[in-house]
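Student: There's a structure below that I have some questions on.
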Amino acid sequence: MPYCEVDRYQNGDEWDGVRLFYRRFGRGATKVLLVIGLAGTHDSWGPQIKGLTGSLEPAADDEESGDAAAAEGDDGDGIEVCCFDNRGVGRSSVLPHKSYYSTVIMARDALALMDHLGWKKAHVFGHSMGAMISCKLAAMAPHRICSLALLNVTGGGFQCFPKLDGQMLWLAFRFLRARTPEERALVDLETHYTKEYLDEKVGSCTRRTILYQEYVKGISSTGMQSNCGFEGQVNACWTHNMTTKELDTIRSAGFLVSVIHGRSDIIAQLCHARRLAERLIPVARMVELHGAHLVSHERPEEVNNALMELIKATKSMMKPEEWSSQPENSSETGALISARPVSVTIRTDDGGNAAIAVYNLLAKLQLSFLYVIGVILMGFEHMRNIVKVMKPKQNSCKLLSEPSRRPGIFMSPQYCGDDGFRIASPKTS
């Protein structure tokens, strides 16, 4: 199986390797690295692999020494795609502590994989957390990037929190309680797609039914993500931040950027993607599509067209100014393509400063409230588990606290211990 050792970490008294599972598709001089998001595996890129290479058939598994040689020998107009499981999920290594996870560390993983494949440069396309990793990779090694596509991206930190409403709180509660592939699949469908898309008829049933079966099968085959892996990847999102210097590095590197987002995304809010695209002008173009967090699945044709346009513009050596100066247009499918993201201009006078202060305060309040809600939900679940464990013990105590058959004497249990009960000395009434 194709694995790549990208790092080593200390596990007790021993040092273990960090291995990434990856797959390659297609052949050609154009290299594309696909970086998936939180809790996702490499096969989540199916629609893009099919659109870019024309096939979902993986390339033959080469030995490590053969990968670099094969990469050097590629020519022609074909496209070779590589996608992989990030550390903490799928078939890749699951590290035991969240300190082993950050977007910087995972960007180094991706860079090590490129070295393993013998790729000097590549188009790097990332989704959600994968887009955050891609940003770090682009800032870390801009000379290795042909172009950058950021799908459903945010700036990390509090921007990772979804818009606060009743629907999102209910989904979060169900996500935390999900223990089986079936329960997890139901939550994933509602967070990944729009209701309109799920309710579409496909033959005799709805798309929701078809996708549910596919999700259960997929989750069952790879297994539920471990707590260590999930907490580590969440930590990576939470600690992610792009500094002004890093954004300046991307903006001045010379490669083109596409920021692609679904308007109905309830996980990564559209306003954060617009803000990031605005900070990357003149090299960035904003593409808004009708879809949710998995817009790459919901609108694969439009997403693939945007990615191919980015590759073609790079091959033709289009200047960033030309890329950003193309007029805003809207396609028949509802895609809004704009080189100049819609932005809100805030005055810098006292009124403007007050507005900024209020915005920052509301952001912090929302973050604090979400944190409290999360603690309450987890505490509620923990208490339920305690009640389930203690219930038989309480019944035992109840039976023992009933009046003894001996007249004038009753038993008074002082507390329930590990064995279910402890009886105090008899008391005379």
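Student: Looking at the stretch 33-47, I want the residues that are closer than 17 Å to P2 by Cβ and have a partner that is open to solvent by 20 Å² or more (accessible area, probe 1.4 Å) with Cβ atoms under 7 Å, at least 6 apart or on another chain. Which pairs are those?
Tutor: So the pair list comes out as I36/H42; I36/S44; T41/G90; T41/T222; H42/R23; H42/G90.
Student: Looking at the stretch 315-333 only, could you name the residues that are farther than 16 Å from R251 by Cβ, open to solvent by less than 90 Å² (accessible area, probe 1.4 Å) and modelled with pLDDT under 90?
Tutor: Answer for the stretch 315-333, where residues must be farther than 16 Å from R251 by Cβ, open to solvent by less than 90 Å² (accessible area, probe 1.4 Å) and modelled with pLDDT under 90: Q326, N329, S330, S331, T333.
Student: Has the stretch 8-24 got any residue that is in a loop (DSSP other than H, G, I, E, B), charged (D, E, K, R) and at pLDDT below 95?
Tutor: Scanning the stretch 8-24 turns up at least one residue that is in a loop (DSSP other than H, G, I, E, B), charged (D, E, K, R) and at pLDDT below 95.
Student: Same structure, new question: More than 16 Å from the chain's Cα centre (by Cα), at pLDDT below 95 and in a loop (DSSP other than H, G, I, E, B): is that true of L164 in this structure?
Tutor: Answer is yes for this residue.
Student: Name every residue in the stretch 259-280 that is open to solvent by 40 Å² or more (accessible area, probe 1.4 Å) and β-branched (V, I, T), in order of residue number.
Tutor: Those that are open to solvent by 40 Å² or more (accessible area, probe 1.4 Å) and β-branched (V, I, T): I266, I267.
Student: Can you pull out every residue in the stretch 27-37 that is in a loop (DSSP other than H, G, I, E, B) and either buried (at least 21 other Cβ atoms within 10 Å of the Cβ) or touching a His at 6+ places or on another chain (Cβ under 6 Å) (or both)?
Tutor: I36, G37
Student: If I filter the stretch 45-61 for residues that are modelled with pLDDT under 80 and either within 15 Å of L117 (Cα to Cα) or surrounded by fewer than 18 Cβ atoms within 10 Å (Cβ to Cβ) (or both), do I get at least one hit?
Tutor: Yes, there is a match, as at least one residue in the stretch 45-61 is modelled with pLDDT under 80 and either within 15 Å of L117 (Cα to Cα) or surrounded by fewer than 18 Cβ atoms within 10 Å (Cβ to Cβ) (or both).
Student: Residue by residue through the stretch 94-122, note down the ones that are open to solvent by less than 50 Å² (accessible area, probe 1.4 Å), small (G, A, S) and in a helix (DSSP H, G or I).
Tutor: Passing the criteria: A107, A110, A112.
Student: Any residue in the stretch 261-285 that is within 11 Å of Q159 (Cα to Cα) sitting within a Cβ distance under 6 Å of a residue that is open to solvent by less than 10 Å² (accessible area, probe 1.4 Å) and of a type in the set (A, V, I, L, M, F, W, C)? List the pairs, counting only those 6 or more apart or interchain.
Tutor: Note: pairs meeting the criteria are A273/V153; A273/V259.
For (1) farther than 15 Å from V35 by Cα; (2) aromatic (F, W, Y); (3) surrounded by 19 or more Cβ atoms within 10 Å (Cβ to Cβ); (4) without any contact (Cβ under 8 Å) to a residue 24 or more places away in the chain, each residue gets a yes or a no:
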{"residue": "C83", "(1), (2), (3), (4)": "no, no, yes, no"}
{"residue": "N86", "(1), (2), (3), (4)": "no, no, yes, no"}
{"residue": "V89", "(1), (2), (3), (4)": "no, no, yes, no"}
{"residue": "M132", "(1), (2), (3), (4)": "no, no, yes, no"}
{"residue": "L137", "(1), (2), (3), (4)": "no, no, yes, no"}
{"residue": "P142", "(1), (2), (3), (4)": "yes, no, no, no"}
{"residue": "L148", "(1), (2), (3), (4)": "no, no, yes, no"}
{"residue": "L151", "(1), (2), (3), (4)": "no, no, yes, no"}
{"residue": "F158", "(1), (2), (3), (4)": "yes, yes, no, no"}
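Student: Which residues, counting only those in the stretch 176-205, are open to solvent by 20 Å² or more (accessible area, probe 1.4 Å) and among the acidic types (D, E)?
Tutor: Within the stretch 176-205, E182, E183, E190, E196, D199, E200 meet the criteria.
The values are calculated or read from the model by the stated rules, or taken from the named source; none is laboratory data. Since we're looking at a predicted model, the values are computed, not measured. Glycine also receives a Cβ, built like all others from the backbone with ideal geometry; neighbour counts cover every protein chain displayed. These accessible areas exclude ligands, DNA and RNA; they are computed on the full protein's heavy atoms, side chains included. Shrake-Rupley method; radii C 1.70, N 1.55, O 1.52, S 1.80 Å.
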